[in-house]
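A short worksheet on the structure shown next.
The values are calculated or read from the model by the stated rules, or taken from the named source; none is laboratory data. Please read all numbers here as calculations on a predicted model, not as lab measurements. We place every Cβ from the backbone using ideal geometry, glycine too, and count neighbours over all the protein chains shown.
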Amino acid sequence: MEGEVAELRINSGGSVVANTVTFGRAGTLSLFSFIFLYEGGILVTNQVAGPVDHGSIYFLGGILRAGANADEFFPEVEAGKLELGDGGLVFDTQSYNVSTAASFSGASGLRKLGNGVLTLSGTNTYEGGTVVQEGRLRILSSSALPSGTIRVEENGILHLVGSSTLPNTVELHGGQLWKEVNAIWPTLSMSPIRRTGW
């Protein structure tokens, strides 16, 4: 396969289940240079692995569903390789605890589903806002959430850890906002919180 460009397109009604999805490694069997996850499509995996020599993953409204706990869901995936296009990224943790230091970019946003925990620590620049529909979204640094509205639904929790100074407007639609205060990072600063649905 060396020199070839393979694509995985998961369209509406389609689903792919795999322990690990590897992409962007030139000359490797069972790899995809580009992955497109469209609205109505589902990718269930324990991790999406690099390193990326070329290629990207485009999240276009489909569901990325975790199949297990993961200390790093996107190992060795470089910045600029995870693009949130039309429809954005719908990340379903199910009941698992999933972490990533990977960076998401693009014009759309991120929606968190599932009762588990999604922990973000990378530098994210996506522009479409963030919705915590279910479970807990754990933020380890200010750069993990780009500017844009953060909406926390009734079954969602936004959990800020460390030096989380957010430029965002946080809308609590029956959801919860947690701030983990410790001796090293005792402050919380953000734009006004809009409370609705209480």
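Here are a few things to note about the model shown:
- Some residue of region 104-127 being in contact with a Lys or Arg (Cβ under 7 Å, 6 or more places away or on another chain) and among the polar types (S, T, N, Q): yes
- Restricting 124, 97 to residues that are farther than 22 Å from residue 39 by Cβ, among the polar types (S, T, N, Q) and out of contact with any His (no Cβ under 9 Å at 6 or more places or on another chain) narrows the list to 97.
- Looking only at region 38-64, and only at residues there that are modelled with pLDDT of 95 or more and of a type in the set (A, V, I, L, M), the one that is nearest to residue 106 (Cα to Cα): 60
- Filter pass, residue 132 being among the hydrophobic types (A, V, I, L, M, F, W, C) and either touching a residue at least 40 places away in the same chain (Cβ under 8 Å) or at positive phi (or both): yes
- Of all residues in region 1-31, those being at pLDDT 60 or above, touching a His at 6+ places or on another chain (Cβ under 9 Å) and surrounded by 15 or more Cβ atoms within 10 Å (Cβ to Cβ) number 1.
- All strands (runs of 3 or more DSSP E) inside region 123-194 with 3 or more residues being at pLDDT below 95: 150-161, 170-173, 176-180
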